[in-house]
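These notes concern the structure reproduced below.
Throughout, read-outs are computed from the coordinates displayed, never taken from laboratory work. Quick caveat, the model's predicted, so the values are computed rather than measured. As a convention, Cβ positions derive from the backbone with ideal geometry for all residues, glycine included, and neighbour counts pool all protein chains shown.
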Amino acid sequence: MSDSPPAAAPGTVSYALSAQYVKDLSFENPRSPQVFAMAGQQPQVAVAVGVSINKLNDTAYEVVLTLNADAKHNEEPVFVIELAYAGVVVASGQAPTEHLQPLLMIEIPRQLFPFARAILSNTTRDGGFPPLLLQPVDFEALYRQQQQQGQAAPSSPIPGKAGAA
């Protein structure tokens, strides 16, 4: 893939998702092998989703999709999985902030999610459990919730820190 995005029409953002990668992956099965004696009993699974942006330079951004799942049975841990799945986005230099922030916080996570979901599913299956099948996430609602909580305020158009990955 090319690192330079195609030319954009006025008022739009042109971008290229130039790389995708596992930034961090952790799977814990703290009660093995005893947990496998509970065959047929479904654990309660809590899932948390987050999105963060790291500005790499004037036109490149790292978008990190964080998925955490904590499975418990009768308050006892069954498994814990944490995944940070990232993508590098190269956007056009003239991208207006009001178009760039929703792209980075909604559209790019939407594109990364199927790959991250597959990694979680495969990892839980490889850990001896049924695959964890996450439902699609409404990243637009997550973005609006973050804005309301002040985490992605318009005065701070690109959350995260500047620097190299």
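Taking K and R as +1 and D and E as -1, what net charge do the other residues with C-beta under 12 Å from the C-beta of Ala69 add up to? Combined, the nearby Lys, Arg, Asp and Glu give -1. Per 5 Å bin from zero, what fraction in whole % of the C-alpha pairs of the range 15-148 is there, up to the bin with the longest pair? Values per bin, smallest distances first: 2, 9, 20, 19, 16, 12, 9, 6, 4, 2, 1, 0.
Using the number of other C-beta atoms within 10 angstrom as an exposure proxy, rank Ile119, Ile108 with the fewest first. Write out the running numbers ahead of the final one.
On the way: Ile119 16, Ile108 26.
Going from least to most buried by this count: Ile119, Ile108.
Projected label points at His73 and Asp126, each 7 Å from Cα along the beta carbon direction, are separated by 2.3 nanometres.
Farthest towards the positive end of the charge dipole of the range 15-148, among the residues Val49, Ala19, Asn122, is the Cα of Asn122, using unit charges on the Cβ of Lys, Arg, Asp and Glu. When peptides 129-137, 51-59 are sorted by average Cβ neighbour count within 10 Å, with the highest value leading, the order is 51-59, 129-137. Label zone (Ser32, point 7 Å along Cα-to-C-beta; backbone nitrogen cut-off 16 Å) within the range 105-147: 120-132. Cα-based values for the range 41-100, radius of gyration first and Dmax second, are 17.4, 54 Å.
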